Every structure is written in structure tokens, then in C-alpha cells.
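The values are calculated or read from the model by the stated rules, or taken from the named source; none is laboratory data. Please read these numbers as outputs of a predicted model, since none were measured by experiment. Here the Cβ is made from the backbone with ideal geometry for all residues, glycine too, and neighbour counts use every protein chain on show. Only protein heavy atoms, including side chains, enter the accessible area calculation; ligands, DNA and RNA are left aside. Shrake-Rupley method; radii C 1.70, N 1.55, O 1.52, S 1.80 Å.
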Amino acid sequence: MSENTETTGYAFAEAEPRWQRAWAEAHLFDVPDVPAPGTPTYYVLEMFPYPSGQLHMGHVRNYTLGDVVARYKRARGFSVLHPMGWDAFGLPAENAARERGVHPAEWTFANIATMRATLQRLGFSLNWDREFATCEPRYYGLQQALFLDMLAAGLAERREAYVNWDPVDHTVLANEQVIDGRGWRSGAPVEKKKLSQWFLRITDAAESLLSGIDTLTRWPERVRTMQARWIGRSEGAKVQFALADGSDARIEVFTTRPDTLFGMSFLAIAPEHPIAARVAASDAKAAAFIAECAALGTSEAAIEQAEKRGYDTGLRVAHPFIEGATYPVWIANFVLMEYGTGAIFGCPCGDQRDLDFARKYGLDVPVVVLPPGEDASSFGVGDTAYDGDGTLIRSGFLDGMDFATGRRAAIERLESIGAGEGVVNWRLRDWGVSRQRYWGCPIPIIHCAACGPVPVPHEQLPVELPADVRFDLPGNPLDHHPSWKHVACPACGAAAVRETDTFDTFVDSSWYFARFASPHAPTPTDPDAARAWLPVDQYVGGIEHAILHLLYARFFTRAMHRTGHVSVDEPFAGLFTQGMIHHETYRDASGWVAPDEIVRTAGGATRRDSGAPVEIGRVEKMSKSKRNTIAPAPIIERFGADTARLFVLSDSPPERDLEWTEAGVTGAARFGQRLWRLVGRIAEEAKAGDTQAAEVPESYGEAADTLMRATHRTIAALTEALETFTFNVGVARLYEFANALAEAERAEPTPDLVWARREAARTLCLLIAPMMPHLAEEMLSRLEPGGALAASRAWPEADPGWLAARSVKLAVQVMGKLRGTIEVAPDASEADVLALAEAEPNVARLIEGRRVVKRIYVPNRIVNLVVAG
RNA sequence: GCGGGCGUGGCGGAAUCGGUAGACGCAGCGGACUCAAAAUCCGCCAUUCGCAAGGAUAUGUCGGUUCGAGUCCGACCGCCCGCACCA
């Protein structure tokens, strides 16, 4: 394989930047914020990148997929919004500051410059004039305005909540930053700490977020399922249990099975439950048990999960239905404070966890559900609970009822005696957005001793981050800053302090798609622009954002709708989730070896430097730790942007994982060169015989006819492939079309064929333009010097007249087995076709002397003869 | 455990509404060009029996529906992903 462009013909290194300049000069990808009325619009968006410093192959795939859609839709006559920006706040910038002493802003903008250059080198049809980074005050200042509007609308509130606290770094950690109960940076044991935090009331929108999933018909089913499960609606009842200690204290329990209340054996509360704390105050053993549970932390919970443990508080509660009956109250490690009410009633016969617990501590196991077909006198529960439907027994007024009836009756009774009510419980929790970090959007609040938390007045926005901060102290640099936080209270004028927390970076990415519609508007959105462009018609990104980002964005859109910033509830009408990029792994005695350090040989691989053998490992997701990443920039350098683009589109369906191989890349490069030569020859020929090929032929000879049919079949196939996101099939159809063009070179170049070849070549340029846009321009300009840019031309239309086949090859089966094929006219009569089929020599041989009892004829498909005997 | 997805040649994958399984590419093999190589162009390429004509077997396994099943139904096996004590 040659790495020298000069020997391979098409000089992409020179051509690609040239066409990129031509597109920019023609302003082909610019669109107005508010398009003229009646303009068909299409909004294509890929998830914007975090500016880590280097574009990776996942980005190349992501943005190529989006660019294919954008260019195709543009060719179909849509005004296409296809913007790009930077998800620029976040911890890595602060880490760089701590480790290398470079300011987060400097680090971030340098990274953006590098990555923007690579993106531009790839030739994406982006509206670069709409670019912004979320760390710019012109963006985050408007985010602060949005927050204040939401606060005023009751969508945000301040409340106390537990957080993972790193006592060394003085910072809050996200769950994924807690490893084995310790902070990922400091290694210190993480504490649960109660802090005042800002919350966005996403739970208010739970019902709407859940029902809205039904309208997202162009989302992958599994993302919809994951979201629905995350929101987690469950119907049941809250039940009050009065403590049997003479006080009027009650413990509230959530259950989805109020019908099994008569199967109660105990009540269990979470270790963090207030009653547990009350017990612990006077019971050292209880306190020790609670401390033990807390020490396990969230991550080790998984390991200890199998083991159910509890502590009997000695308290007892009364049963709401059974006069005089009381049950023990346990503290149990498997009861979660965060879900429901943090307390459960234990019904061992119908719940495996309760049964495990009851068996371990020798508690009663009353059987109250009789599975269908079982006998009440003989049915018992061993070590497996029965949670299916059945008939209620030993359940007082519920006896004989099924699950649904029993539940209704139980709730009715609970409500009538004031001991509970039917409720809907959600797994979704409110979204805590406070982070004790510097490199984020400041929360626009001022804390005043007299007035409490006061919103920063709109005219004082943006609250800008101070540039002069120190990273050599633990904790939040904003907090250490000598002057920044000290301000006058906007309400009373007294000395007050700014909120030093910043927003979770998921907030930044929850509305950027709306800002892209009018990135220079003085308000967060321009209502006309938002109405014109939203929702995003096609969103493209990684499956890893299936839940959080997409759910937050859906919530934010609802909140922005309510506060008058947009007029839709759902941000993304269509969603496509791409697969990851994989690569072979290599290792030797020293550990993982990178692909550019090895030489692939016939039987294996060796080190480039020493020639020592290297073990070839599994094909795995590209990752730094396995050192199996391929950087896009050198690939573009060696093979060109179009080759990189074509490769990520070919072979694998976009939603599936793609294996990056050297052979695959060189294959894609070869195809580009082959097209260039093929079209080049046609351009030369057309030039030589100009007058001959200028007119539309009156009739076509066989070769021209075949090529014309191939051309229009390919138009239809590509259109279908691009509409259905089966780009790999589209690439295959283009290969076939190139083969057809090559085939046509072998026939006598009569004027009709010359014309057909030129038509085919021109069509090929337009069809390949969304995938290999530079090559398309280069080829088209050779074919039609001085003609319009491919990127400005309309998508070709398939002529139905050319789509019909001249003749059809039919399969002929006998008894369902293929025995031959026949060639028939598409409009041949059934009788003719059957006669021809039975005359086919091999078929005739097989049916000879036997009676054909049934003849099946599916036009254009198949003939099947069923014979007797 | 629960939820979702996927099993097709040496490899990535294709196959409309149930209608010729393996498109297209990669790898491999043969040929042309060349002093030679690279590049390029042409051809072959599921397995198996057969000189051939043709036949048999094949879409994870077993069974079913059907004139006909990769596709539909049932059971099972394997792999991947997500969630995971959610009451």
C-alpha cells in the first residue's frame, strides 16, 4: 500500500481543502434563524463533543452519520440546520489546572481549536457561524436566566440532600467517582453528607416524561424502554402503621401489593429512616448496626447484596385491618431510604426478599395467595416466594379475590379507615444540580442573612466566573476567591455572599440544541427561530446517553416550554444511536501495545522497533487503557477525509459496533481512487466526442440500456438506504454501480452509450456526495468544468420507466426445492410462465410421469410445482 | 434475577410482505501487464459427492405452521448490552 498520494492519482490532500473553501465561499451551509415562510426545514444534530483535546474515531463516525443526513436532506430541497458547538465545562479542565498549572479556560479553548481544525478537515457541512462553547458567558449567562425563570415558575428549589463527600478534596463526588467507597482522586473514604442543594423538579414532569415516550416513534425501542424503566412508575398504596407504644407515631410504608396485607409478618425500615435514628439514640447496638450499614456504602452494596441483615428494634406496630395484631419493627439493610417511604411491610409468602429475611430471623410466613390449581389445605411456601396472581386466602374481607380486585378493595378500606391511600410511586428522583466546582456555570443566587437566597437580578447577568483563581487548595476555588463572592444583597443591600456552587454540566447540554436555532439572540431563544427549527428532526449520538442526557433534555424542554422559551415539549423527534468503534488489541510482556507500534504479519504481529512477537488479543472497544485507539488526524493525513468517512459508513450497520481495520481503510481508499479514474476516463471521452454525446439519444442499445437501468436502480437504492439509515447497504450499492460503469467500458462506445456513461457518472457524483463530498466535487468538476457545486445540486430522481426490468429471472421450484430458472417478460401471462417453467429441462425431467397437483406462481418471484406421489 | 438485543461462509455483513440464502466488501486463489515488484485490470471463491450433467447438506439447537421458513410460532443453548434488594 502506498502512502504517497502522487502515485495513486487523486490528490486528496490538495483537493479536499480546496473544496472546503469553495463550500465556505458559497455559503452553502448557512441558514437564517427564521427561514422564509413555507421553506421546508430539517434540523440535524449530533451530540456536541467535550473538548478533551483530541477528536476520536467515535466522533468521526458520529459526525459522518449526521453529515450524510444533512447533505442528503439539503439535496432534497430542505433548508438544513446543522450546527456544532462544545460541551466545554467539566472536571477534566480543572484536573489539568491542578496537574499542569494551566488555566481551565486556556486548556479548554486550546483543545477546541485543535478539535475544530480536525472537524473542519473532515469536510462536514456545518453551520460554523452558529458555533459556541458552553463555557462562554454569552451562553451560560442565558442559562442563568433560564434557571431564574424556572425558579420563579416553581420548577427549581433549594433543599437538603445527602451527597457523596470527599473529606480530603472537600468536594462532592458523583456516584461514578466513588470507587470501592473511596474518592477516585484522594482515595479517602467517602462520607454521606447533608448539604443544601439546588434541585430541578423533574419528578413533577414524571407523568409527562413517561407518556411522552409513546410519541417518540423515531427513537430506538431500547432507549425508550430504558427511559421508561428509569422513570419507574408503580401503582400501589401508602399504608400507615401505628406504633403500638402508646404514642401516636406512625410509620408509613409503600407497597404495590396492598392485597397481601394479611400476609404481613414484620415491618422493616431503612437504616437511614428517622425511626431508626430515634431507636439508635437509646440503643447502642442499633446504632452500631446502622453505622455498619452506612459504612458499606453504595458500591459495596452490590457485593453484600445477597446477604440480608436486620436488627430487631423491639418496637411493634398495629395492623390496620386486624384488630389487636402487632408486628415487630426491624431495621433492614435491604430497605432503601431513597425509594418509596424508606419502609416496607414484610410479606414473606409473596416476596423473595421478605421470605429470605423471615427465614433467616425465624419470622412467621403466613400464606395468603393461593396459586391457580393449588389446594388451600396443602399449599405451603418453602424457600421460594410466589409473586404471581392467585386467589387470596386467610385474608379476612379479601378472601377469594384475585390480585386486581383485592388491591382495589384493600385501598378502598385503607382510605375509609384513614390508614392509607392509593398512590403512584416513581423511581425517578429530583435532579440535584449543585456542584462544588469552579469550571461550571455559576448558580445565579445571592445568600443574604436577612433575605435568604435571592436571585441575581436579570440585568446583572451573566454572573461571570472570575479568571484569577487558585487550584492549589482543596475544595472549590470559587469559595477561596478573595472578593468574587462578596456582594450586596439585591433585595436589602446588606453584605451578602454569592452561591459558589456551579451547575451540573448536564444542565449545559440540556438546552444547547435550542440555542443553536438563534445563537446570537439576546434571550436564551428567539421564539420564532425556535418555532421554525424545533424539535430536532434527527439527533445522532452514542447509546451511553440513553438515559441521563436525553431525559434531562426532555425535562428541560418541558420547563422551557412552560417558561415561554420554546413551543414544544419534546426536543428530539428522531434519535439514532450509533455503535462503538472497536479494534484489535495487542500485548507483550511489557503490557498493552498500541497499533502503530506493531507490524501485522501473515500469521501474527511483531513489534515495529524490536521485531519481537506480539500477542494478538480480542477485538475490543477502543480505549486508552487497552491502547487500541486509532487517532483520526493521522488517518486523514494518510488517506484523506473522504476515505475516513467512507470507511466508517461501510460494512457495518451504523447502529452496530464497527471494527476498525487497516485493510478496511485501504479498501475504502482504493475505491475512491478507482472512482476517480473511472469518472476521469468518462470525462476524457466525453470531451473528445463532445458533439456526439451532447444530445439525449432517441434509442438506447443494449449496453446503454443496461447502464441506464443500473443508474436509476442505484438512485432508488441509495435514496432508500439514506432514508432508512442503512448506509452500509448504500455503500454496497455504490460499489455495484461502479462495477456496472466499469462493465460498460467494455462495450463499443456508440453515441448512446457515451451519453449513458456520462449520465451515469454525473449521477454517481451526486449519489456519493453525502458520503464522499470532496471526491464528488472533484469528479463532477472534471465531468462538467465550471458547473455548479455538487453540494448545491438536487438529489437525482429515479425514473420509474428505467426501474422496470426488461425481463425477469424466475426461480422454478419442484416441491419447494429450486430446480431451475427461467427468463420471462415482466408482463408474461401466468399460463405462459407455467408452460415455460414446466418445459425447463431439469424441471421437466423431475415432473415427468407425475401429476402436477398444484402450481404456485408469484409474479416476478417464483414458480413452485407440487407433484403427486 | 429483570429488561433489551443478537447468533448467516475464513471475516464484516446482505436478503422487500414468507419466495433463487450468502449482494457488496475484506482476506484467499488463479491469470494479464511488468525484467521484477507494487499499483491496476480480468476471473474463481459456503461445505460436500461427482469427469460432467446434476445431487446432497447448510442461516446457534430441537420441534411446529406452510406449496415454500434466515424471516412466523414454541422450547432450548450461547454471546453482548443495560438495570440491579424499586417493596
Between the modelled labels at A:His486 and A:Val599 (7 Å from Cα along Cα→Cβ) the distance in nm is 6.8
Restricting to lysines and to Cα separations under 19 Å from A:Lys817, and discarding same-chain partners fewer than 8 apart, the set is A:Lys809, A:Lys854
For A:Tyr162 and A:Ser567, extending 7 Å from Cα along the Cα-Cβ vector and measuring point to point gives, in nm, a value of 4.6
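What is the antiparallel percent of DSSP beta bridges lying wholly in chain A, to the nearest 5? Intermediate results must be reported in sequence, preceding the final value.
Working: 82 of 104 bridges.
The antiparallel proportion sits near 80 percent.
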XL table A:Lys73/A:Lys621; A:Lys193/A:Lys626; A:Lys285/A:Lys360; A:Lys285/A:Lys308; Cα-Cα > 25 Å flagged, in table order, is A:Lys73/A:Lys621; A:Lys193/A:Lys626
Measuring from its Cα centre, region A:686-803 shows a charge dipole (+1 at each Lys and Arg Cβ, -1 at each Asp and Glu Cβ) which, in debye to the nearest 20, is 320
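Quick check on packing: order A:673-682, A:237-246, A:781-790 by the mean number of other C-beta atoms within 10 Å, highest mean leading. Don't jump to the answer; show the numbers that get you there.
Working: A:673-682: 19.8, A:237-246: 18.2, A:781-790: 15.2.
By packing density, highest mean first, the sequence is A:673-682, A:237-246, A:781-790.
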Rounded to the nearest whole number, the per residue volume of the convex hull around the C-alpha atoms of region A:369-412 in Å³ is 76
So, over other residues within a Cβ distance under 12 Å of A:Pro482, counting Lys, Arg +1 and Asp, Glu -1, the net charge is 0
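If the only charges are +1 at each Lys and Arg Cβ and -1 at each Asp and Glu Cβ, what is the size of the charge dipole of chain A around the Cα centre, to the nearest 20 debye?
Working: 89 positive and 113 negative charges, 139 e Å.
Charge dipole, chain A, about its Cα centre: 660 debye, nearest 20.
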Projecting the Cα atoms of A:Ile768, A:Trp23, A:Phe572 onto the charge dipole of chain A, where Lys and Arg contribute +1 and Asp and Glu -1 at Cβ, the residue farthest towards the positive end is A:Ile768
In degrees rounded to 10, the 0-90 angle between helix A:221-231 Cα long axis and the longest Cα principal axis of chain A is 10
Measuring from the longest principal axis of the C-alpha atoms of chain A, the long axis of helix A:662-688 (C-alpha) lies at a number of degrees, nearest 10, equal to 40
DSSP beta bridges in region A:808-868: the antiparallel percent, rounded to 5, is 75
Taking A:752-760, A:355-363 and ranking on average Cβ neighbours within 10 Å, highest first, one gets A:752-760, A:355-363
Mean Cβ-within-10 Å packing, highest first, puts peptides A:406-413, A:704-711, A:617-624 in the order A:704-711, A:406-413, A:617-624
The answer for region A:686-803, accessible area per residue at 1.4 Å probe in Å², is 43
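With +1 on each Lys and Arg Cβ and -1 on each Asp and Glu Cβ, and nothing else charged, work out how big the dipole of region A:233-426 is about its Cα centre, in Debye to the nearest 20.
Working: 16 positive and 28 negative charges, 57 e Å.
Computed charge dipole of region A:233-426: roughly 280 debye.
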Residue separation between A:Asn860 and A:Ala663 times 0.36 nm, minus their alpha-carbon distance, gives in nm 67.0 nm
Treating every alpha carbon of chain A as one equal point scatterer without solvent, the Debye formula yields log10 I(q)/I(0) values at q = 0.08 Å⁻¹ of -0.95
